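Comments concern the structure below.
Bear in mind these aren't lab numbers, they're just calculated from the coordinates by the rules spelled out. Bear in mind the structure is a predicted one, so any value in this text is a computation, not a measurement. With ideal geometry, Cβ positions are generated from the backbone for all residues, glycine too; neighbour counts draw on all protein chains shown.
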Amino acid sequence: MIAMSLSEVNNIVYYLVNPVIGFLTLAGLTGLWIYHKKTPSPRTILKAIYLNIFFIIFKAVYSTISNYWTWSNLPSAPQLLETKYIFKYSFNHYWFVPLITIISALILLKLVSFINQKFDERFFYIEEPYLLALGVLLSPWPWLLFFIVNVVLFLLIIQLINLSITFKNYKIKGALTERIPMLFIWLPSALLSSFTHFAILFNAVPKEILFRYPLAKQIYDIFFIFK
């Protein structure tokens, strides 16, 4: 009974802690953006990145400990308590994706910031590497697929709007319109990815529609593999 209750708590931590903290982070940054009418500073976004890294690691540590405690109360499966098996299982289930996600986000942050500084911030605004890193951090596999698709989708929409405005201005004034920066893409893309996460989590999207697409079925299976 106790083991079952702990397992349920573990599921809540595993499925909800990071998505909820991530969503609140994105909502908070969006609120600051709207209130101050400018994007949050790199320092503020960096604090959000560190906060979410803390909760990602917390979830992995909690899941590892609670999983070991649950197994220790199952006398029918003593082989589960072998150190090698525990380490392998915990790493594969609780640590691999978080570590890859954190490392990828930090590498992208440093790499894009370096390239941007190298070219005198010609390609990105100073906040964009931090927003990109935060978006990756809050979109662990398989949600990274949604984040990438959303970025491409928003970029396409913005560029089509910009192309329409450019054509209109050139036709009327003979002047070209400046390129719309990607600064406005990262937060909406991450938010849409977060909404997709919760839509699948709470079955807001009917499975019959979802499973028509093999990739969606694969993502669903990966997400619920430990449920």
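Remarks
- The phi torsions of segment 22-31, fed into the Karplus equation with coefficients 6.51, -1.76 and 1.60 and a -60° offset, translate into couplings of x, 5, 5, 4, 5, 5, x, 5, 5, x Hz, rounded to whole numbers, with Gly and Pro shown as x.
- Surrounding net charge for residue 53, when Lys and Arg each add one and Asp and Glu each subtract one, Cβ distance under 15 Å: +3
- Using the Cβ-Cβ distance between residue 164 and residue 27 with R0 set to 25 Å, the FRET efficiency from 1/(1 + (r/R0)^6) comes to roughly 0.25.
- Potential lengthening of the chain between residue 100 and residue 86 amounts to 3.1 nm, from the contour at 0.36 nm per residue minus the alpha-carbon distance.
- Backbone HN-Hα couplings from phi across segment 37-46 [Karplus 6.51/-1.76/1.60, Hz, Gly and Pro as x]: 6, 7, 5, x, 5, x, 5, 5, 5, 5
- Under the simplified labelling scheme, the residue 121-residue 184 pair shows an inter-label distance of 2.0 nm, with each label point 7 Å from Cα along Cα→Cβ.
- Charge tally in the Cβ shell below 15 Å around residue 118, where Lys, Arg are +1 and Asp, Glu are -1, residue 118 excluded: -1
- Computed FRET value (nearest 0.05) for residue 69 with residue 148, which takes r as the C-beta separation and R₀ as 41 Å: 0.65
- Extension gain (nm, one decimal) between residue 17 and residue 44, 0.36 nm per residue minus Cα-Cα: 7.6 nm
- Peptides 110-119, 49-58 ranked from most to least packed give 49-58, 110-119, packing being the mean of other C-beta atoms within 10 angstrom over each peptide's residues.
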